[in-house]
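Since every read-out is calculated from the coordinates, none of them should be taken as a lab result. Note that the structure is predicted; figures quoted are calculated from it, not measured. Cβ: placed from backbone, ideal geometry, glycine included. Neighbour counts: every protein chain shown.
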Amino acid sequence: MSDGRVREGGQPVPPILEVRHLTKHFATPAGVVHAVDDVSLDVYPGETLGLVGESGSGKTTTAYMIAGLLRPTGGTIRYLGRDIAGAERTRALRREIQIVFQDPGTSLNPAHTIYEILTLPLRVHRLVPRSEFQTAVRRMMERVQLPASYMYKFPRELSEGEKQCVAIARAMAAEPKLIVLDEPTSALDVSMQARVLHLLLDLQREFGFSYLLITHDMSIMRNFATRVAIMYLGQIVETAPVDAFFTTPRHPYTQMLISSVPVLTEDEEAMKPTQVRSQGEIPSPVHPPSGCRFHTRCPRRMEVCTRVEPRMVELGDRHRAACHLYPPGGTAAGEAAGESGE
Ligand code: SF4
């Protein structure tokens, strides 16, 4: 599943993270919840892969398995070439893959000062001598644009946005390679959202972090991600570079999501796909529909869609979709029919 990225000299760039056929099922009194079913994705060095989907699509479960907070039911998670899906996470691995949670209020220990919170990774991973903790914390706080005096405060004395900056500083303190961002701005007001997103972009430029960004906010995705993967009912249905994702979405579900995004200018409006209206609600993950899981809501459903699960098909320029409108190796039914959004 190379995404076609090449180094100078023509060698392909290996992904930092390769997820293949990842599955997570939960047994519940109502039946088995198919939270994640056969998800494959790559994250490349220094990029931001956005994972988008409605509530219940499985994006957070996928993120938690990658971060080591949930153990997969099946599939592989290769980090720098090594399968880490079923393994106990070593200290080194926990250092290299960090997560920033949606709610900074619950992710910071309320009984600890900011100084104690930020020195924890330094102590656990033995990154700097104890005598240099004060200087290191001061530097971290400066890097996330918080006054150094805040190191003596407790989380309850900070705003939600300031707490999220502390959570980002804590993740950064471990000197990670990959950071999972689980809806990092959804609990913040609009001005703090912009500040936190700019901060994350600056840190990525400076330190070369790879990000896996979980969000349901298409505007954040547009401004922040390098590539986008769309999840629906536990499966990835489309992946594309961010520009192609917004200008030429191929999967009817992606077209539905994008056509409902508010825009500011007439140019942006003109670029949007024709309004695609889905029918009904997202089905239960306990009994996912047969064939294409989107067929119960898809306005372009065909007979085959109810019976046969579509395969992910390469559409060129690192763009892929799983939909019977694009048969493997064949003429895209959607193109032949004059697909909206193209
Ligand atoms: Fe719609 Fe069929 Fe494509 Fe599923 S496979 S998105 S039902 S056209």
Backbone HN-Hα couplings from phi across the range 113-130 [Karplus 6.51/-1.76/1.60, Hz, Gly and Pro as x]: 6, 4, 4, 5, 5, 7, 8, 4, x, 5, 6, 4, 9, 6, 8, 9, x, 3
In sequence order, calculated HN-Hα J values of the range 311-316 (Karplus, 6.51, -1.76, 1.60; Hz; x Gly/Pro): 8, 5, 10, 6, 10, x
For the chain, convex hull of alpha carbons as volume per residue, Å³: 159
10 Å Cβ shell holding at most 13 others, DSSP loop, trypsin sites (Lys or Arg not before Pro): longest site-free stretch of the chain: 127-276
Cut-off under 5 Å, modelled amide H: who pairs with Ile84 long-range: Ile77, Arg78, Tyr79
Count of lysine pairs in the chain with Cα separation under 23 Å (8 or more residues apart, or interchain): 4
Beta bridge orientation in the chain: antiparallel %, DSSP, nearest 5: 60
Volume of the Cα convex hull of the range 109-174, divided per residue and given in Å³: 73
Derived scalar couplings ³J(HN,Hα) [the range 44-60; Karplus, 6.51 cos²θ - 1.76 cosθ + 1.60; whole Hz; x for Gly, Pro]: 9, x, x, 9, 10, 9, x, 10, 10, x, 5, 4, x, 7, x, 5, 6
Angle in degrees between helix 190-207 and the longest Cα principal axis of the chain, rounded to the nearest 10: 80
